[in-house]
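Step one of this worksheet: look at the structure below.
Please treat every number below as a calculation from the coordinates, not as lab data. Just so we're clear, the structure is a prediction, and the values are computed from it rather than from any experiment. Heads up, the Cβs are rebuilt from the backbone with ideal geometry, glycines too, and the neighbour counts pull from every protein chain shown.
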């Protein structure tokens with residue numbers, strides 16, 4: 001759990017990474033104490049490549065944004081307005097740097113413990129929930145998303161089979177209509193729409 005909450009204790013060692021996704025080149029600065037510090041991880045890439053972009057518009061929330069991959073890529077590819085939130089102060093700092101580095105407009109980065117600082121609704125919420133932070137936080141992120149979605153809005157998320165994807169889907173189906181958009185190498189990409 002240290003990478004999410006105690007990152008200020010780790011020495012900073014910022015690294016510049018690059019990736020091509022959805023036909024565009026992106027530059028991301030990463031650092032110790034943030035998820036996937038070596039560059040874009042497989043699950044996040046699969047999620048971005050699986051989201052039906054025509055359904056992403058209006059205002060989007062990147063929940064648990066890390067260094068900003070989802071928010072930045074979706075902002076550049078769809079021109080949507082994006083809020084990016086995290087509890088990891090180092091990650092939020094990187095998300096701000098990366099927003100500027102990738103010339104994003106209409107992007108806001110702010111601190112929020114799950115939805116504690118959220119007071120608006122979104123057309124889409126996108127997340128790669130921090131499994132290592134524990135089930136309570138993961139469930140807070142995904143189950144409570146429906147309270148912050150506009151009518152007909154969607155929650156898009158990635159979860160690994162070995163990290164409880166099938167049981168999470170069963171629980172999500174109590175609140176949402178769940179569609180598996182993609183499955184690859186043990187990763188499930190889910191689209192959840194409020195019932």
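Annotation: the antiparallel percentage among DSSP beta bridges lying fully within the stretch 88-195 is about 75. Each part gets one Cα centre, and for the stretch 75-89 versus the stretch 94-124 those centres are 4 Å apart. Select from 24, 151, 76 the residue whose mean-square fluctuation is largest in a Gaussian network model of the chain (Cα-Cα springs shorter than 10 Å). Comparing 24, 151, 76 in the GNM, the peak value goes to 24.
By other beta-carbon atoms within 10 Å, ranking 83, 147, 171, 140 with the fewest at the front produces 147, 171, 140, 83. Model label sites at residue 101 and residue 22, defined 7 Å from Cα along the beta-carbon direction, differ in position by 1.8 nm. Computed as a quarter of the hull surface, the mean projected area of the alpha carbon convex hull for the chain stands at 9.7 nm².
Principal-axis analysis of the Cα atoms of the chain puts helix 89-101 at an angle of about 80° to the longest axis.
With a simple spin-label model that places each label point 7 Å from the Cα along the Cα-to-Cβ direction, the separation between residue 179 and residue 42 comes to 2.6 nm. Remark: relative contact order (the chain) = 18 percent; criterion is Cα-Cα distance under 8 angstrom and separation of 6 or more residues. Adding -39500 (n - 2.57) for every DSSP H run of four residues or longer, then dividing by how many residues the chain holds, sets the calculated 222 nm ellipticity at -7500 deg cm²/dmol. Considering only beta bridges that DSSP places wholly inside the stretch 1-153, some 35 percent are antiparallel. Helix 69-78 and the longest principal axis of the C-alpha atoms of the chain enclose an angle of approximately 80°.
Largest mean-square fluctuation among 84, 143, 92, in a Gaussian network model of the chain whose springs join Cα atoms under 10 Å apart, belongs to 143. Most fluctuating residue of 16, 136, 59 in a GNM of the chain with Cα springs under 10 Å: which is it? Taking springs between Cα atoms under 10 Å, the residue moving most is 136.
Rounded to whole Å, the principal axis extents of the Cα atoms in the stretch 92-195 read 38, 31, 24, largest first.
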